[in-house]
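Laboratory data are not the source of any read-out in this text; all were calculated from the coordinates shown. Please read all numbers here as calculations on a predicted model, not as lab measurements. Every residue, glycine as well, gets a Cβ built from its backbone with ideal geometry; the counts of neighbours run over all protein chains shown.
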Amino acid sequence: MTEFTQDHDYSFMRLALEEAKKAKERDEVPVGAVVVHAKTGEVVMRASNRSIELKDPTAHAEILAIRQTCQLLGQQRIPEYNLYVTLEPCAMCSGAISFARLHRVVFGAYDVKGGAVFHGPEFFEQPTCHHHPEIIGGILEEECGALLRNFFALKRKMKKDRKKSTYTD
Ligand SMILES: [Zn+2]
């Protein structure tokens, strides 16, 4: 049995980063995810945040990737799969990860404000959480985090510029 560990983690995270960049192009918060078979390494799903496009606050990359994988495979749970996501999952996505029974979760940037794995509710540590996958954070952390930071910095600048232009009009 092949175990997909560190070396592979970086290449799968690069794929998730590509997805995150696609979200950025659509002006969505740049978070991307891929679902990979835990033993074969086959990438079965790629997704990125579509909350604005779908007008759906639950349309986070992880939710879309999990939902579409389950639909593709015709099963409610996907314990033979690993999830790669560029940002530490929020409480909602942590719940979905647990319900989906994912084998392993690898994320990029830590999210002090909205993360629920190592921050906030620390979802997987709670007695009400019934499935705790193996979780690794900080893979390509700098690249994943920079993409988000640049996105929000640009948004703030645009907002400021808009304000300025209304004052001068
Ligand atoms: Zn989420």
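The equivalent ellipsoid that matches the C-alpha gyration tensor of the chain spans semi-axes of 30, 16, 15 angstrom, in descending order. For segment 146-164 and segment 103-135, what is the centre-to-centre distance using only Cα atoms, to the nearest Å? Segment 146-164 and segment 103-135 have Cα centres separated by 28 Å. Taking 0.36 nm per residue of separation and subtracting the Cα-Cα distance, full extension of the segment from residue 72 to residue 159 would add 27.3 nm. The value of relative contact order for segment 7-48, using C-alpha pairs under 8 Å at least six residues apart, is 34 percent.
Sorting 147, 154 from the fewest to the most surrounding beta carbons within 10 angstrom yields 154, 147. Antiparallel DSSP bridges in the chain: what percent, to the nearest 5? Roughly 55 percent of the DSSP beta bridges within the chain come out antiparallel. Each residue of segment 49-56 was assigned a 3J(HN,Hα) from its phi angle through the Karplus curve 6.51 cos²θ - 1.76 cosθ + 1.60 (θ = phi - 60°); the sequence is 3, 9, 4, 6, 4, 8, 6, 9 Hz, with glycine and proline shown as x. Residue by residue, segment 112-123 carries 3J(HN,Hα) couplings of 4, 7, x, x, 10, 8, 9, 10, x, x, 6, 2 Hz when phi is fed to the Karplus relation 6.51 cos²θ - 1.76 cosθ + 1.60 (θ = phi - 60°); x denotes Gly or Pro.
Per-residue Cβ neighbour counts within 10 Å put 105, 31 in the sequence 105, 31, beginning with the fewest. A simple spin-label model places pseudo-atoms 7 Å from Cα toward Cβ; at residue 42 and residue 130 they are separated by 2.9 nm.
Extension gain for the segment residue 18 to residue 166, taken as residue separation times 0.36 nm less the Cα-Cα distance, is 49.7 nm to one decimal. Cross-link reach is defined here as a Cα-Cα straight distance under 14 Å, omitting same-chain residues fewer than 8 places apart; for residue 39 the aspartates and glutamates meeting it are 3, 9, 80. Fewest-first ordering of 122, 142 by other beta carbons within 10 Å of each residue's beta carbon gives 142, 122. Dipole check for segment 21-169: with +1 at the C-beta of Lys and Arg, -1 at the C-beta of Asp and Glu, and the Cα centre as origin, the magnitude is about 700 Debye.
Rounded to the nearest 10 degrees, the angle from helix 91-100 to the longest Cα principal axis of the chain is 20 degrees.
Principal-axis analysis of the Cα atoms of the chain puts helix 141-168 at an angle of about 20° to the longest axis.
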